[in-house]
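What follows is one structure encoded as structure tokens, with my remarks underneath.
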Amino acid sequence: MIYYDRYNWRQTVFSFRGTALQKASLRIAMLTLFAAGIQSLYEAGAHLGWIKSFSGLDPTSHAVLGSLLGFLIVFRMNASNNRYWEGRSHWGQLINSSRNLVRIGTEYTDGGDELASLISGYVICLRRALQGNADTEEADRFLPEDVCRDAERFSNPPVGVAAAISGWINKYRKNGQLDPQMVRLFEGELSRIVDSQGGCEKILKTPLAFVYVVMIKQLILVYLTTLPIVVCDRIGWWTPALVAIVSLGLCGMEEASVEIENPFDTDDNCLDMESYTTTISRDAGQMVLRKARHLRENASNT
């Protein structure tokens, strides 16, 4: 994710990193060259006397196609933005429920440090799983060795770590530190975490329907390749410039939609999940340290 100053107009408008130009520039250049070729053919045809094969085209039907295309691209961008925002909402729930679990576990049991480590390991495993890494790498510094071994037996390691968190809850229920009401509270927060994981996996594994996506790409291609034929006799050598600008708009918006369709990837505009996992680990560790500090202070006072 790129963090930027929303009030700095100049810096934003002249930026290159994170823009659609990085991935759409080749398409824009090819379409511009194509428009220049069409304009060259038109100028040669005008000179040779067969201009009527290019002139006289009614731009109204082409404008109707452009309006339809704009309508479809807006829906495409909204669908991708909804997926992006839904992914961020799921990670917001993960952060909140993780804090609640560690906060309650630290306050009412003497195993808060163990729970904090399990939660930190879980969110790291989830981040890596959403990015295509089914392992416990990075999480092994938080998770006990036996939990890592169990999690790696799962095709989805975060599920194994979630099972270990349930095991932690059950252990402290058996030793009497958690009553049935507290167990329900813990399992409720853990269920919300797992539900958020499922929501992220739904976004990841359910792309937009291919028939819808390919139709937009085909219409963009048809519109932009016919645009220079419609305007070549009206604006002359400004045709390539017009095609370049329109291509930037259409191809850029379509590419932006593609990039944020999967908000869990590692592209510049995807969610900063590494920052989210760091936040969870930091807050969990600080709550454990707070409990330890208060225990030391109480012990010194007595």
So, with points 7 Å from each Cα along the Cβ direction, the residue 17-residue 290 label distance in nm works out to 3.5 nm
Kirkwood hydrodynamic radius (Cα pairs, Å) of the range 210-259?
11.7 Å
Counting Lys and Arg as +1 and Asp and Glu as -1, what is the net charge of the other residues whose Cβ lies under 15 Å from the Cβ of residue 188?
+1
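Using R₀ = 22 Å, calculate the FRET efficiency as 1/(1 + (r/R₀)^6) where r is the Cβ-Cβ separation of residue 181 and residue 96; round to 0.05.
Working: r = 21 Å, r/R0 = 0.94.
Efficiency computed from Cβ-Cβ geometry: 0.60.
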Where only alpha carbons of the range 193-302 are counted, the Rg and the Dmax (Å):
26.3, 94
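If you place +1 on the Cβ of every Lys and Arg, -1 on the Cβ of every Asp and Glu, and leave all else neutral, what size is the dipole of the chain about its Cα centre, to the nearest 20 Debye?
Details: 30 positive and 33 negative charges, 93 e Å.
That gives the chain a dipole magnitude of about 440 debye.
I need the peptides 112-122, 61-71 ranked by packing, meaning the mean over residues of other C-beta atoms within 10 angstrom, with the highest value on top.
Top of the packing list down: 112-122, 61-71.
Where Lys and Arg each count +1 and Asp and Glu each count -1, what net charge lies around residue 284 among other residues with Cβ under 14 Å from its Cβ?
Numbers: positive: 99, 103, 141, 282, 290, 291; negative: 107, 113, 114, 189, 283.
Charge balance in the 14 Å sphere: +1.
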Once both axes come from the Cα atoms, what is the angle between helix 21-48 and the longest principal axis of the chain, in degrees from 0 to 90, rounded to 10?
10 degrees
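Values in this text are rule-based calculations from the coordinates and carry no lab data. Because the structure is predicted, anything quoted here is derived from the model rather than measured. FYI the Cβ positions are ideal-geometry reconstructions off the backbone, even for glycines, and counts take in every protein chain you see.
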